[in-house]
Amino acid sequence: VPPEVSLSVAPEGEMAEGFQMSIGPDLNEVVRVNQTFADFADSHALPTAVRRSVNVALDELLTNTVNYGFLKRSDGALSIEVDLQPDRLTLTLIDNGAPFDPWIRIAPDTTLSMESRRIGGLGIHLVKKMMDESRYEYRDGKNIVVLVKQVLPENG
Amino acid sequence: MEISTRTQGDVTIVGILGSMDSVTSPQAQQALEAAVSGGAKKLAVDFTKLDYISSAGLRVMLGTAKQLKASGGALRSFGLNQTVKEVFDISGFSTILAVFATEDEAMRGF
């Protein structure tokens, strides 16, 4: 399946901009998504901290889906939609993998000593803390994860 | 990702350029393991040119810190940008790993 990236511009009179792309069950595709997002962030002068937070979130969530959600299927497909409004960035991730609500996991104990620390669950915890909104629903056989990050003027 | 290794006195400094994510972290792990198995006891990770780190990168940092501790060594890191610092803070890594603002501070008393 050839990579798909489509750029869309909102109808006249609206300030929204964004892009949509689809990937298959391949970790290297996660790199492509993160690069595409970084290019989009650059061309839209997004604050660096916002771009970096989203890069972290995409790595965590897309990797989870590719590694676990697509375990039992060879036709795994994931679409990533980015919508930029003047004050907020919305990411919608839709996949046809096993039903999985990432936000129901219990937060890991981040106060344990070095010896007792485990990494499991930490990625999702990071995303939840770094984004301003995180939602999930399972509809028509698809996982739909929505992330919102506020875009405030860069400080310093 | 690009990785550079240099030494200053008895401290081995590993610099990581780019991102430590699920795809690139194995490469960082390899470099850090090579430094430790090469005999480095004092290891400093230079994050000055690190763009962002995800849990895959945290896993590598934790593994390296444990490995060094077991062999009587120590790990320090410096130069974290705002997002990397935020990831360290949220995950509690700021309290279990020695984090310094600058290279000078990381070298002091190491």
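Please go through the stretch B:41-67 and pick out each residue that is touching a residue at least 40 places away in the same chain (Cβ under 8 Å) and of a type in the set (V, I, T). Selection gives B:T48, B:V60.
When A:L46, A:L58, A:L78, A:L91 are checked against the criterion of being within 12 Å of chain B (Cβ to nearest Cβ) and either surrounded by 14 or more Cβ atoms within 10 Å (Cβ to Cβ) or modelled with pLDDT of 95 or more (or both), a single residue qualifies: A:L58. Just so you know, in the stretch B:17-42 the residues that are in contact with a helix residue (DSSP H, G or I) (Cβ under 6 Å, 6 or more places away or on another chain) and not polar (S, T, N, Q) include one that is nearest to B:N81 (Cα to Cα), and it is B:M20. Of the candidates B:A28, B:A65, B:A56, B:A34, the single residue that is in a helix (DSSP H, G or I) and surrounded by fewer than 22 Cβ atoms within 10 Å (Cβ to Cβ) is B:A34. When restricted to residues that are under 12 Å from the mean Cα position of the chain (by Cα) and within 14 Å of another protein chain (Cβ to nearest Cβ), the stretch B:4-27 contains 2. The sole residue among B:D104, B:D89 that is more than 23 Å from A:T111 (Cα to Cα), surrounded by fewer than 18 Cβ atoms within 10 Å (Cβ to Cβ) and either modelled with pLDDT under 95 or more than 14 Å from the chain's Cα centre (by Cα) (or both) is B:D104. Taking the conditions exactly as written (assigned to a strand (DSSP E or B), within 19 Å of A:S53 (Cα to Cα) and within 11 Å of chain A (Cβ to nearest Cβ)), does B:S94 satisfy them or not? No; evaluated as a whole, the condition is false for this residue. Considering B:A56, B:A65, B:A74, the condition of being facing chain A (nearest Cβ under 9 Å), out of contact with any Phe, Trp or Tyr (no Cβ under 7 Å at 6 or more places or on another chain) and within 19 Å of B:M107 (Cα to Cα) is satisfied by B:A65 alone.
Just one of the listed residues (A:R117, A:R105) is modelled with pLDDT under 95, more than 15 Å from the chain's Cα centre (by Cα) and closer than 24 Å to B:T64 by Cβ, and it is A:R117.
Does A:L152 count as among the aliphatic types (A, V, I, L, M), under 24 Å from B:V84 (Cα atoms), modelled with pLDDT of 95 or more and surrounded by 11 or more Cβ atoms within 10 Å (Cβ to Cβ)?
Against the criterion (among the aliphatic types (A, V, I, L, M), under 24 Å from B:V84 (Cα atoms), modelled with pLDDT of 95 or more and surrounded by 11 or more Cβ atoms within 10 Å (Cβ to Cβ)), A:L152 does not qualify.
Total residues in the stretch A:100-114 satisfying the condition of being assigned to a helix (DSSP H, G or I) and loosely packed, with under 14 Cβ neighbours inside 10 Å: the figure is 2.
Given the condition under 15 Å from the mean Cα position of the chain (by Cα) and in a helix (DSSP H, G or I), answer yes or no: does some residue in the stretch A:147-156 qualify? No, the stretch A:147-156 contains no residue that is under 15 Å from the mean Cα position of the chain (by Cα) and in a helix (DSSP H, G or I).
The values are calculated or read from the model by the stated rules, or taken from the named source; none is laboratory data. Note that this is a predicted model, so its numbers are computed, not measured. Here Cβ is always computed from backbone atoms with ideal geometry, including for glycine, and neighbour counts include all displayed protein chains.
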